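For reference, the structure is listed below as structure tokens.
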Amino acid sequence: MAGGIDLFGDDVDSVRSLVAAVAKIAGRNAAAIHKLTEQVDRVVATQETNAIAIDRLTHRIDRLSQSVARLSVGAEADRSVMRGIQTDNQEILNHLKGKP
């Protein structure tokens, strides 16, 4: 009977060792999951920051496009005025030189 008790004791020791090993693995897994969760949180925060930056840049580009459009209209008007002045100057020169 003593041999049977020894085998039972060996089984209990094996189970204890197995439970301890599983607990270690579970602890490492929990730490790894915690670390991954922190990394995902940082990625999400970065993505949100990037989305905000993209939105701001989009608005700035829109404002810049509007400014460029206004400058283009203004430049076209200036060019038209300059052509008129150039035509007037040419007419004055022609008149001074006696050309019709």
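The table that follows gives values for the structure above.
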{"read-out": "Mean shadow area of the range 24-75, taken as a quarter of the surface of its Cα convex hull (nm²)", "value": "3.5"}
{"read-out": "Only Lys, Arg (+1) and Asp, Glu (-1) charged, at Cβ; the chain dipole about Cα centre in debye", "value": "940"}
{"read-out": "Reachable aspartates and glutamates from K97, criterion Cα separation under 16 angstrom, eight or more residues apart if same chain", "value": "D88"}
{"read-out": "Only Lys, Arg (+1) and Asp, Glu (-1) charged, at Cβ; the range 18-65 dipole about Cα centre in debye", "value": "180"}
{"read-out": "The chain, helix-only ellipticity at 222 nm - DSSP H runs n ≥ 4, -39,500 (n - 2.57), divided by all residues, nearest 500", "value": "-36500 deg cm²/dmol"}
{"read-out": "Reachable lysines from K35, criterion Cα separation under 27 angstrom, eight or more residues apart if same chain", "value": "K24"}
{"read-out": "Debye-sum result for the range 40-100 in log10 I(q)/I(0), which assumes one identical scatterer on each alpha carbon, at q = 0.22 Å⁻¹", "value": "-0.87"}
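Read-outs throughout are calculated quantities, based only on the coordinates presented, and are distinct from any laboratory measurement. Just so it is clear, the model here is predicted, and its values are computed rather than measured. Using ideal geometry, Cβ is built from the backbone for each residue, glycine included, and neighbour counts are taken over all protein chains shown.
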